[in-house]
Each structure stands twice: as C-alpha cells, then as structure tokens.
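The values are calculated or read from the model by the stated rules, or taken from the named source; none is laboratory data. This is a predicted model, so every value here is computed, not measured. Glycine also receives a Cβ, built like all others from the backbone with ideal geometry; neighbour counts cover every protein chain displayed.
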Amino acid sequence: MARLLIVGPQGSGKGTQGIRIAEAYGIPAISTGDMFRAAVASGSDLGNQVTEIMQSGNLVPDELTSAVVRDRLTQADAAQGFLLDGYPRNVGQVADLDAFLAGRGEQLDAVIELVVPREESIERLTLRAAEQGRADDTEEAIANRLAIYERETAPILDVYRERGIAVEIDGVGTLDEITDRLIAALEGRGLSRSTAA
Ligand code: AMP
C-alpha cells in the first residue's frame with residue numbers, strides 16, 4: 001500500500017513516471033490535468049467551467065479541484081493507495097488534501113520531487129506541443145504555467161520536506177533510468193512493491 005504524490009515542473013516527465021510508478025505499485029495514477037482534459041473533451045459542465053482557465057495556463061479554483069479529487073479518491077480502486085499527479089498544486093490544496101485524508105485516518109507516505117533544469121522542461125514542452133498539439137502548450141501558456149509552478153507549487157515542497165516525506169529525484173536521463181531511481185528511492189523509504197496493495 002502506498003499513498004504517493006509526484007511533483008515537478010511541466011515537462012519534467014512526471015505524468016509518464018507517475019504512470020510507471022503506479023503500475024509498479026498496483027495503485028491508480030490520478031492526474032488532475034488528465035481528468036480536466038477528459039472533462040473538456042466530453043463537453044461536461046465541469047469541462048465547460050475549466051476550458052478557458054486551462055487554455056490560459058492558469059489554475060482551476062481550489063474548491064472545484066479539491067472536490068474533483070475527493071470524488072476520485074473515494075472510488076474503490078483508491079482505497080489501497082494511489083499516486084497523485086498534479087494535485088495538490090498550492091498550499092491551499094495541501095490543506096484540503098490533508099483534511100480529507102485525515103478524515104480517513106490516512107496521510108501521504110512519500111512526495112516525489114522530479115528535478116529537471118528549466119531549459120530542459122521548456123525544451124520538452126515545446127517538443128510535446130509540436131507532437132500532441134495540446135491547447136495549453138502555446139509559448140505564452142507554457143511560460144505562465146512554469147511561473148505558476150515556481151510561485152505556487154514549489155512552496156508545497158517545503159511543507160512536505162518539513163514533514164520528512166519529500167524525496168528528491170534527478171529527472172534527467174532515460175525513462176528507465178529515472179523509473180529505477182524512483183523505485184529505489186521509494187524502496188529505500190520502506191515502500192516496497194511486494195507489500196503493495
Ligand atoms: P497538467 O496536465 O497537470 O499540467 O494540468 C493542466 C492544467 O489543468 C493546468 O494548467 C491547470 O489549468 C489545470 N490543473 C491541473 N491540476 C490542477 C490543480 N491541482 N489545481 C488547479 N488547476 C489544475
């Protein structure tokens with residue numbers, strides 16, 4: 001059983017690594033970005049509420065985001081653990097998640113910080129924009145998202161560092177190298193895959 005969070009700037013590869021780690025531990029990877037994109041694609045009420053916000057690269061309001069995550073974490077497959085990707089993204093959301101987990105007698109086991117130099121994230125994002133054509137991968141939205149990351153998201157790492165559950169991982173290398181580093185670090189913290197789920 002593992003309750004994990006992966007944090008990193010856009011373009012750090014956290015989505016890809018998050019899925020790999022979740023698979024290794026037999027837990028669902030829960031990405032708020034993916035959930036919002038699915039809502040936009042389906043044309044649901046939620047999707048309509050977040051379309052413009054996402055296009056500009058701004059953050060969806062905390063109350064809305066936290067409600068979506070609470071809903072998702074209440075589903076049966078998250079009872080034995082989960083990997084959160086992209087939430088919490090600011091200190092207000094950290095408080096929301098803490099309150100929700102405390103109500104279930106739970107807490108996060110580890111918070112993975114994927115460290116990638118700024119130039120490399122920008123390079124990867126620009127490449128992804130060309131390949132996938134994401135609506136928020138315009139140059140302006142990318143710059144906005146990276147600025148928001150530094151201003152609002154990076155500070156949540158201080159909170160988790162103080163709790164002693166932050167794990168810093170070098171996010172530069174091949175996909176397999178980085179996954180191996182991540183698993184080794186988690187196992188080093190007593191989160192072994194054999195006892196997972
Ligand atoms: P991501 O795929 O994680 O980069 O998320 C894409 C977009 O979804 C972000 O730029 C935000 O507009 C929105 N989003 C994703 N996660 C959150 C969150 N935790 N809080 C607010 N907005 C979010």
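Do you know which residues across the range 150-197 are over 15 Å from the mean Cα position of the chain (by Cα), among the charged types (D, E, K, R) and closer than 18 Å to residue 7 by Cβ? Passing the criteria: 151, 158, 161, 162, 163, 170, 181, 189. Somewhere in the range 29-38, is a residue out of contact with any Ser or Thr (no Cβ under 7 Å at 6 or more places or on another chain), in contact (Cβ under 8 Å) with a residue 60 or more places away in the chain, more than 8 Å from the ligand (Cβ to nearest atom) and closer than 22 Å to residue 128 by Cβ? Taking every residue of the range 29-38 in turn, none turns out to be out of contact with any Ser or Thr (no Cβ under 7 Å at 6 or more places or on another chain), in contact (Cβ under 8 Å) with a residue 60 or more places away in the chain, more than 8 Å from the ligand (Cβ to nearest atom) and closer than 22 Å to residue 128 by Cβ.
For the range 94-105, state whether one or more residues are touching a strand residue (DSSP E or B) at 6+ places or on another chain (Cβ under 9 Å) and of a type in the set (Phe, Trp, Tyr).
No, every residue in the range 94-105 fails to be touching a strand residue (DSSP E or B) at 6+ places or on another chain (Cβ under 9 Å) and of a type in the set (Phe, Trp, Tyr).
Do we have any residue at all in the range 90-107 that's surrounded by fewer than 15 Cβ atoms within 10 Å (Cβ to Cβ), within 17 Å of the chain's Cα centre (by Cα), among the polar types (S, T, N, Q) and not in a helix (DSSP H, G or I)? Looking for residues that are surrounded by fewer than 15 Cβ atoms within 10 Å (Cβ to Cβ), within 17 Å of the chain's Cα centre (by Cα), among the polar types (S, T, N, Q) and not in a helix (DSSP H, G or I), one finds at least one in the range 90-107, hence yes. Taken over the range 31-57, the criterion of being within 17 Å of the chain's Cα centre (by Cα) and over 23 Å from residue 172 (Cα atoms) is satisfied by 32, 34, 35, 36, 37, 38, 54, 57.
In this structure, is residue 167 within 15 Å of the ligand (Cβ to nearest atom), over 26 Å from residue 40 (Cα atoms) and not in a helix (DSSP H, G or I)? Judged against the criteria, residue 167 is not a match.
Checked against the criterion of being over 16 Å from residue 17 (Cα atoms) and either not in a helix (DSSP H, G or I) or not acidic (Asp, Glu) (or both), the range 176-185 contains not a single residue that satisfies it.
For every residue, the table says whether it meets (1) modelled with pLDDT of 95 or more; (2) in contact with a helix residue (DSSP H, G or I) (Cβ under 7 Å, 6 or more places away or on another chain).
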residue	(1), (2)
60	yes, yes
69	yes, yes
117	no, no
135	no, yes
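In the set (1) at pLDDT below 95; (2) surrounded by fewer than 16 Cβ atoms within 10 Å (Cβ to Cβ); (3) within 14 Å of the ligand (Cβ to nearest atom); (4) within 21 Å of residue 35 (Cα to Cα), the condition left unmet by residue 131 is number (3).
Against the numbered list (1) near the ligand (Cβ under 10 Å from one of its atoms); (2) under 16 Å from the mean Cα position of the chain (by Cα); (3) surrounded by fewer than 22 Cβ atoms within 10 Å (Cβ to Cβ); (4) in contact (Cβ under 8 Å) with a residue 60 or more places away in the chain, residue 66 comes up short only at (4).
Would you mind stating whether residue 145 is among the basic types (Lys, Arg), under 18 Å from the mean Cα position of the chain (by Cα) and either modelled with pLDDT of 85 or more or part of a loop (DSSP other than H, G, I, E, B) (or both)?
yes
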